[in-house]
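The values are calculated or read from the model by the stated rules, or taken from the named source; none is laboratory data. For clarity, every value in this text was computed on a predicted model and none was experimentally measured. When we count neighbours, we look across all protein chains shown, and the Cβ atoms used for this are built from the backbone with ideal geometry, even at glycine.
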Amino acid sequence: MAKYFRLPVEKGVLVVGVLPGSPADDAGIRQGDVITAIDDEELSSIVQLKVHLARKFIEGNRVFDLTVVRGRTRYRIKVSI
């Protein structure tokens, strides 16, 4: 997929949609972004992202940073759940 979309990353989770009013929407995540890490822990699949998010939620850690690639730019975005 990275080659098809000409993304500057080889690993990550492609955002195919963002629900209006969701924590991702509030944080500024956009369709087409690629999430490459959560709190500096690299991601290579949606399963890893879900596991990390569930662990954060269970631990009571409701604020974390996502590393996101948008176009050719890498961002750190703070998300609150």
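Okay, here's what the table says:
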| read-out | value |
| --- | --- |
| Pairs where the first residue, in region 41-58, is under 18 Å from residue 15 (Cβ atoms) and the second is among the aliphatic types (A, V, I, L, M) and assigned to a loop (DSSP other than H, G, I, E, B), C-beta under 7 Å, 6+ apart | 49/43 |
| Any hit, region 13-23, residues being of a type in the set (Ser, Thr, Tyr) and free of Cβ contacts under 8 Å to residues at least 24 places away in the same chain | yes |
| Single unsatisfied condition, residue 25 versus (1) within 16 Å of residue 62 (Cα to Cα); (2) of a type outside the set (Phe, Trp, Tyr); (3) in contact with a Ser or Thr (Cβ under 9 Å, 6 or more places away or on another chain) | (3) |
| Segments classed as strands (runs of 3 or more DSSP E), wholly inside the chain, with at least 2 members that are surrounded by fewer than 12 Cβ atoms within 10 Å (Cβ to Cβ), under 13 Å from the mean Cα position of the chain (by Cα) and at pLDDT 90 or above | 73-80 |
